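**Q** For reference, the structure I am asking about is given below.
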Amino acid sequence: MDTRINAGRRLDSLPIGRFHRRLALLVGLGLFCDSFDNTLSAGVLASMLDSGFSTLSLNSVFLSVTFAGLAIGAAFAGWLGDRIGRAFAFQFSLALFGILALCAAMAPSMEVLIVLRGLMSIGLGAEYVICYGMITEFIPPGRRGRYLGLLGVFGGVGVSMSSILGWVVIPALTWRGMFIIGGLFALGAWWLRRGLPESPQWLESRGRHEEAEAVIQRIERESGVSSQESGPTPVAQHAAGEEEKAEWVPITVLFSRPVIRRTLMALILTVTCLFGSYVVTGWMPTFFVEQGMTVSKSLGFNAAIMSGYVAGPLVCMFIVDRIGRRTSIMAFGVLSAVFAGLYPFMTAPALVIAVGFILVATVASFLTLGLGTTPEFFPTAFRFRGGGFSQTVGRIGLIFSPFIVLWLFNSSGVLGVILAVCGMYVVVTLLNAVAGVDTSRDALEQIAPGGDDDDADGVSPAVTPAAPQTTPPTS
């Protein structure tokens, strides 16, 4: 008897229901905690330097260890999510940085704090991969853009809350209070998320069909759809204790002939969105000072402009599903390039804020869609490793990005840095237009392991054109 239950197609055909809204909220809380903890460094390090707890050199090590931990965490999440399961990886990463954040609050020295921060950042890096992957596997494609935008809003609010609470908490409770708040936020979200089910698509890919069917039926009930309406394929009965196991697909599949183009596109997209976001958000105050502003005025301008980090993803919620995710990425790539090119020439304060705000909003939108759509490039069996590998390379790139930016800044000034970023957005937009990846389910099934045309490596020898779709397009 055929054991396929068509988990992906059944989930894609469901209307949005109570389960999807709860999932989006809980995943969003995780990304909020991640963004909060990941951006508390600025206020915390300044406070530790002022109190004598740390030095400039130790602060630099702290930041380097954070970047390295994020890269390791992205790779770790890919392996853990594909091997052990999405639900376990989802909870493990949040618990890891939540517990270690509380430990960091009690660190007796900066050296101990640096070690804890490195381990904590592994959980932070893992959560980014897992959150976007969960949205890909559970939310129907016709509404996925809205929920990716919602994730971006949660992340933007986390960044803002980190700055606001740092302004209030650090003077009252020292830097340790920020780690306590971050840890309690994370563990609270972990507790709320403890009942989320495993991904039916992953269960099916591992041969655990009866468990997958049970989860899908639960989701269908919460969506107001009966199993009879969705038409599941009968599940084969196995002897007691017997379980059909799918073959583990090695990570080398990412570099096989039918998949390599997807891997390269995911890498280019991820590196561009992470580097562009880092330059725009991390170096903005420095650019202002270079243009002759005082430090206090620079920080004030920066605070006003950074609200675009929430506004951009909010716009995504309302337009992406109307025009498609691939078209949206290209649109925000063009807008990011245009406003990055205009920004260095702004001198009037009102224009600096207005153009800067729009630039941050478009860059934040591109970041949200870039990280959110790369998991769609890969089939279930290696989806998290594909997204994790892309983010690992992107995070490693961030380790070297300060030196790249500094070299550009010293050689060509603000204009050189911004135009370099502008060029990256132009290139990735053109690549998407000319050689974009088909993310429809039919196309993914052509490269999924276990198909009729699979070769010896578990991957089909070629990606053939997708058949006409019966579900909404995922581009």
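The values are calculated or read from the model by the stated rules, or taken from the named source; none is laboratory data. As the structure is a computational prediction, the values presented were derived from the model and not from experiment. Glycine also receives a Cβ, built like all others from the backbone with ideal geometry; neighbour counts cover every protein chain displayed.
**Q** Which members of region 308-331 meet the condition of being touching a residue at least 24 places away in the same chain (Cβ under 8 Å), part of a helix (DSSP H, G or I) and small (Gly, Ala, Ser)?
**A** Listed by number, the residues that qualify are 308, 311, 312, 328.
**Q** A further question follows. Any chance you could count how many residues in region 358-380 are in contact with a Phe, Trp or Tyr (Cβ under 7 Å, 6 or more places away or on another chain), polar (S, T, N, Q) and at pLDDT 90 or above?
**A** Of the residues in region 358-380, 2 are in contact with a Phe, Trp or Tyr (Cβ under 7 Å, 6 or more places away or on another chain), polar (S, T, N, Q) and at pLDDT 90 or above.
**Q** Residue 90 versus (1) over 24 Å from residue 163 (Cα atoms); (2) at pLDDT 90 or above: which is the lone unmet condition?
**A** Condition not satisfied by residue 90: (2).
Conditions tested, residue by residue: (1) part of a helix (DSSP H, G or I); (2) surrounded by fewer than 22 Cβ atoms within 10 Å (Cβ to Cβ); (3) modelled with pLDDT of 75 or more.
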site: 384; (1), (2), (3): yes, no, yes
site: 404; (1), (2), (3): yes, yes, yes
site: 408; (1), (2), (3): yes, yes, yes
site: 411; (1), (2), (3): yes, yes, yes
site: 416; (1), (2), (3): yes, yes, yes
site: 422; (1), (2), (3): yes, yes, yes
site: 452; (1), (2), (3): no, yes, no
site: 457; (1), (2), (3): no, yes, no
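**Q** Take residues that are within 25 Å of residue 103 (Cβ to Cβ) and tell me which of the helices (runs of 4 or more DSSP H) falling wholly in region 155-231 contain 1 or more.
**A** 176-192
**Q** Separate question: It is to be established whether one or more residues within region 302-323 are at pLDDT 90 or above and hydroxyl-bearing (Ser, Thr, Tyr).
**A** No; the residues of region 302-323 include none that is at pLDDT 90 or above and hydroxyl-bearing (Ser, Thr, Tyr).
**Q** Could you tell me whether residue 27 is on the phi < 0 side of the Ramachandran plot, modelled with pLDDT of 90 or more, among the hydrophobic types (A, V, I, L, M, F, W, C) and in a helix (DSSP H, G or I)?
**A** yes
**Q** Here's another thing I want to ask about it. Which residues, taken from region 192-208, are crowded, with 17+ Cβ neighbours inside 10 Å, under 16 Å from residue 92 (Cβ atoms) and among the small types (Gly, Ala, Ser)?
**A** Passing the criteria: only 199.
Residues checked against (1) assigned by TED's automatic domain parsing to the domain that holds residue 14; (2) within 20 Å of residue 365 (Cβ to Cβ); (3) at pLDDT 90 or above; (4) out of contact with any Phe, Trp or Tyr (no Cβ under 7 Å at 6 or more places or on another chain):
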position	(1), (2), (3), (4)
103	yes, no, yes, yes
114	yes, no, yes, no
121	yes, no, yes, yes
125	yes, no, yes, yes
128	yes, yes, no, yes
132	yes, yes, yes, yes
138	yes, no, yes, yes
146	yes, yes, yes, yes
154	yes, yes, yes, no
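**Q** Give the residue that is nearest to residue 140 (Cα to Cα), with candidates limited to residues of region 30-59 that are part of a loop (DSSP other than H, G, I, E, B) and either touching a helix residue (DSSP H, G or I) at 6+ places or on another chain (Cβ under 6 Å) or in contact (Cβ under 8 Å) with a residue 40 or more places away in the chain (or both).
**A** Residue satisfying both the conditions and the ranking: 39.
**Q** Determine which member of the set 119, 148 is in a helix (DSSP H, G or I), over 21 Å from residue 314 (Cα atoms) and not polar (S, T, N, Q).
**A** After applying the criteria, what remains is 119.
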